[in-house]
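Read the figures in this text as sums done on the coordinates, not as results from a lab. All figures in this text were calculated on a predicted structure; none of them were measured in a lab. Because the Cβ atoms are built from the backbone with ideal geometry, glycine has one as well, and the counts that use them run over all protein chains shown.
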Amino acid sequence: MTRFHLDRRTMLKGMLGGAAVSIALPTLDAFLNDSGTAYADCGTLPVRFGWWFFGNGVIPELWVPQGTGRSYVLPEQTAPLEPLREKLTFVTGTRVMTPNTNPHGSGPAGLLAGGDVGGVNFGESVSSYPGPTIDQIVAEADGFRGATRFRSLELGVQRSTVSISHSGPDALNPPECSPAALFERLFGVGFREPGEMTEPDPRLALRRSVLDAVTGQARRLQSRVGARDRRRIEEHLDGIRAIETQIARLQEDPPNLAACMRPTAPASEFPDLEGRPQMSAISRVMSDLCAMALACDQTRVFSVMFSQPVNNTLFLDTTAGHHQLTHDEPGNPQTEVNRVVTFIHEEMAYFLSALDRIVEGDGTLLDHCAVLCTTDVSFGRTHSIENYPLIIAGSACGALRTGIHHAAPGENATKVSLSLMRAVGLNAGEFGFGVGRATDGLSEIEV
């Protein structure tokens, strides 16, 4: 049975002595989603989609919540997320159905692109995905495509040329791993806070004039070449049109979102300390920049790669790189691996809290997001892609249930991907290829 929902601003209205009167309502269940934790719709605010990814998996017995439904207990590795539990859904037991032929590569390719990965191991080369990942599918959908300065943002914490975001086969979207470069891109030339008056930037006008000239020449050339070259030129022109749209948005008034403000510029560099990258410092700056980019409606689609698949990052208080530890550290559970995974979830919690601190309307930015938090394998030691670790943060404006642990043993993990795309407004009938194909979402996490 479909639940009755009310807009949060609904009032009781009537007439008294010939004059209109109104009385505000208390907070009602009808204002909320079915889990009772988020307002039922975004109103005029946009819904956002993204993911937060880390490499090398977890230790399942220290990660999977104990108990299901709303009465669950978080074990050590996921305990840092406890303050956010009412805005999270843990999905456990699912399987990536595509063949596990590429350690650390098959999992994310199957989950996020719906099919088998090509190429070789991530540690040796950049692999190819069978199609676009779900962030790029969302970025092309109505309500997202052309709505913001940036079609999507791909961010990284660990310096890397590997990416989990792909536009299609052999078309990865490399992450921006420099906080200073990201700040300049988002909040440098062309950025204006709502209501901020500035003189038109002559550099933008020059760039637009150059693009106009290039477009005209390309069109003339297109009329003289063969069909194959015409297609290539058309693809090139599509890229030019995307740049033109971005410039136009730079010249327009920014969206009047109350939470939008220019953040403080980060340090220009974050040098390694005794051979160890400053993962926490970099991650927290990138988290704050990403949150404000969303609050300023500079993008509605993002991906954050905290660490890449097969990364051998030397974390604080560890005796070896992360990937090496997952295979070589003795013990069950592995003490150092456990410490690293717990630390990663502390940084995940910081990112999600950065979204939740930003007030939007009657809720928060996190309430208006669907964020998938996941990794490349289940148990790093065995490269398993069964019992895949999946956390969903935010309700996508009331479209997703929150505050629960749902156990789905043996279910196709791409059902979750399909549910998330539908939650942010896509009319997606199916997702994936071959054995990875899903035609139904995971109804237990949907409202």
_Full-extension gain between ALA265 and ASP229, please, as 0.36 nm times their residue separation minus the C-alpha to C-alpha distance._
8.6 nm
*In the stretch 356-447, what GluC sites (Glu not before Pro) fall in a loop by DSSP, with at most 16 other Cβ atoms inside 10 Å?*
GLU430
*Using amide H atoms built 1.01 Å from N in the peptide plane, name the residues 5+ places from PHE302, or on other chains, whose amide H lies under 5 Å from its own.*
PHE49, GLY50, TRP51, LEU153
*Mind ranking 99-110, 257-268 by how tightly packed they are, going by the mean number of other C-beta atoms within 10 angstrom, highest first?*
99-110, 257-268
*Excluding THR342 itself, calculate the net charge of residues whose Cβ lies under 11 Å from the Cβ of THR342, where each Lys or Arg counts +1 and each Asp or Glu counts -1.*
-3
*Prolate/oblate/rounded label for the stretch 356-447 (Cα gyration tensor, a/c 1.5)*: oblate
*When ranked by the protection proxy of mean other Cβ atoms within 10 Å per residue, highest first, what sequence do the peptides 330-338, 43-51 form?*
43-51, 330-338
